[in-house]
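Everything on this sheet refers to the single structure shown next.
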Amino acid sequence: MNTTLLAAPLFATLKNQPSDSLLELIQLFRADPRAEKIDLGVGVYKDEQGRTPVMAAVKQAESALLSAQESKSYLGTAGDMGFVDALIAVVFGEARRGDRSLSGLQTPGGTGALRLAAELLNRARPGVTVWVGSPTWINHFPIFQDAGLKISEYKYFDRDTQSLTFTALRKALETAQTGDVVLLHAGCHNPTGADLSADQWREIAALCAERSLLPLIDMAYQGLGHGLEDDADALRNLLSVVPDALIAYSCNKNFALYRDRVGALFYQCADETRRERLRGNLIHLARTLWSMPPDHGAAVVRLILNDAALTQVWTDELATMRGRVRNLRAALAMAHPGLSFLTRQNGLFSTLPLSPEQVLDLRTTHGIYMASSGRVNLAGLATAQVPALAKALKPFL
Ligand code: LMR
C-alpha cells in the first residue's frame, strides 16, 4: 500500500457517501408541521387514515407464536426452511413443492436476497455483467457494484410517453454475452409501475434460454398488482423455459412486515451437482454476511401459510390493499386527464414526468413529498387527498 495512505489517520481515507435520498424523505415528511401534507415518498402501503397497520393475519399468527414458541435457539444459516417451503407454493405454484430443481433459503428482506445473489455471482464469475433497465430501484446499483459486479444499463422506460422501451431491452439481451445476468422485476415495477406484457416476457425467456443468460428476478410486490396468482404468471412461465435462475423475494410489502426483514433467495438449477455446489456457496456466503437471518417475521409467514383460515385472512386483506391502490389510480386518472397512464400501471409506484425543481416546488408549496426522480408511492395517498394532488400537479402535467 502506498506510504501516504498508511500515514493517514485511520478512516481519513474513506470518501464521503451520499445519503439515501429516498429514506431521507421519511425524516423530511415527519418534520413538516402542515396538516395537509401528502406522503408519496418511500414505498410503504398506507390505509385511508395514513397508517401502516400490522395485518390481521400477522397479529393472529404472532399471538400463536408467542404462546407456542419454546426456544429461541439457533435455526441455522438457511433460516426457517418451513417458511421457504410454504413460500415456494405461493410464488412458484403448489406443483413445484418438493421439486428438487428449485429451492431457497431465508434472507433478511429482499435486499439481503439481492446482495446474497450478487455475492454468489461474483464468486462464480468475478466481475460478471448484470444488465439493468433504467430506471430501477435506486438500491440495485449500489448492491451490485459493492459486490464487485459490472453493470450494463439500458433504457427500460420513457417517462414522457409513459411507455416501455422494449426494443432497448431486446437489444440488450441480444448484445449480452453468454453467462451475463439479466435483472428483471417480476411485476409492480419499481419505480415506474410499468410491467412487461406476457408476450414480452415470452420473448425475454426465449432470448435468455437461447443465449444462456441468467435471469435474476426481483419479486417484492406479489399480490399487489393483479393478484397472487396473476402476479406470479410471468415468473412461472419464464422458469419453464430457462434452466437456471435466481429469484430475490420480499415479504416486507405483501405481509406488511417491513421492519422484520422477511425475504428469501430462491434458485432454480436443473443439474444436481451444480445445484448442491450452489447451495453450499450460498450457505457459506450467508454465514459470513449475517450468519443467520432474523427469525420472527419468517415464522409468522410460515404460520399464516400453513393455516388455511389464516391464509384466507391474509389474502383478503391483501386484496383490500390492492383494491385501494387500484382505486386511487383510477380516481387520479379521473381527476386529471394527464394522469390517465396510471390505470395502465401496477403496484405502488409511478414515475411522473416532473423535473427535480418541480418536485421541490410541490414539496415547498403544497407539502407533497415524492422522490426527486418524480417517483410517487400511490399507496401513501388518501382518497380525500386526490383532488388536492391533481390540482397541485395541474401546472406541470
Ligand atoms: C422503496 O423503493 O421505496 C422501498 O423499496 C423502500 C426502500 O428500501 O427503498
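Matching residues to (1) modelled with pLDDT of 95 or more; (2) assigned to a helix (DSSP H, G or I); (3) assigned by TED's automatic domain parsing to the domain that holds ARG236:
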{"site": "GLY98", "(1), (2), (3)": "no, no, yes"}
{"site": "THR107", "(1), (2), (3)": "yes, no, yes"}
{"site": "GLY110", "(1), (2), (3)": "yes, yes, yes"}
{"site": "ARG115", "(1), (2), (3)": "yes, yes, yes"}
{"site": "ALA118", "(1), (2), (3)": "yes, yes, yes"}
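Taken as a whole, the stretch 244-251 holds no residue that is surrounded by fewer than 23 Cβ atoms within 10 Å (Cβ to Cβ) and closer than 27 Å to SER71 by Cβ.
Among the residues of the stretch 346-397, those that are touching a Ser or Thr at 6+ places or on another chain (Cβ under 7 Å) and of a type in the set (S, T, N, Q) comprise SER350, THR351, SER372, SER373.
The set of residues in the stretch 114-133 being within 15 Å of the ligand (Cβ to nearest atom) and open to solvent by 10 Å² or more (accessible area, probe 1.4 Å) consists of ARG115 alone. Is it the case, given these coordinates, that THR311 is within 20 Å of the chain's Cα centre (by Cα) and of a type in the set (Val, Ile, Thr)? Judged against the criteria, THR311 is not a match. When we screen LEU381, LEU318 for residues that are crowded, with 23+ Cβ neighbours inside 10 Å, within 30 Å of GLN60 (Cα to Cα), in the same structural domain as LEU25 (by TED's automatic domain parsing) and among the hydrophobic types (A, V, I, L, M, F, W, C), the only hit is LEU381.
The set of residues in the stretch 249-263 that are part of a loop (DSSP other than H, G, I, E, B) and within 11 Å of the ligand (Cβ to nearest atom) comprises ASN252, LYS253, ARG261. Looking at the stretch 43-63 only, could you name the residues that are open to solvent by less than 30 Å² (accessible area, probe 1.4 Å) and either among the aliphatic types (A, V, I, L, M) or in contact with a Pro (Cβ under 6 Å, 6 or more places away or on another chain) (or both)? Of everything in the stretch 43-63, those that are open to solvent by less than 30 Å² (accessible area, probe 1.4 Å) and either among the aliphatic types (A, V, I, L, M) or in contact with a Pro (Cβ under 6 Å, 6 or more places away or on another chain) (or both) turn out to be MET55, ALA57, VAL58, ALA61. When the stretch 264-299 is filtered for residues that are part of a loop (DSSP other than H, G, I, E, B) and among the aromatic types (Phe, Trp, Tyr), only TRP290 remains. Close contacts from the stretch 114-134, counting a first residue that is on the phi > 0 side of the Ramachandran plot and a second that is open to solvent by 20 Å² or more (accessible area, probe 1.4 Å), with Cβ to Cβ under 9 Å and a gap of 6+ residues or different chains, come to GLY127/GLY148; GLY127/LYS150. The residues of the stretch 138-154 that are within 16 Å of the ligand (Cβ to nearest atom) and either touching a Pro at 6+ places or on another chain (Cβ under 7 Å) or among the polar types (S, T, N, Q) (or both) amount to a single one, ASN139. Just so you know, in the stretch 87-113 the residues that are surrounded by fewer than 23 Cβ atoms within 10 Å (Cβ to Cβ) and at positive phi include one that is nearest to the ligand (Cβ to nearest atom), and it is GLY93.
Among the candidates SER350, SER373, the residue that is touching a strand residue (DSSP E or B) at 6+ places or on another chain (Cβ under 8 Å), open to solvent by less than 10 Å² (accessible area, probe 1.4 Å) and not in a helix (DSSP H, G or I) is uniquely SER350.
The values are calculated or read from the model by the stated rules, or taken from the named source; none is laboratory data. These numbers were taken from a predicted model, which means no experiment stands behind them. Here the Cβ is made from the backbone with ideal geometry for all residues, glycine too, and neighbour counts use every protein chain on show. Surface areas here come from the heavy atoms of the whole protein model, side chains and all, with no ligands, DNA or RNA. Shrake-Rupley method; radii C 1.70, N 1.55, O 1.52, S 1.80 Å.
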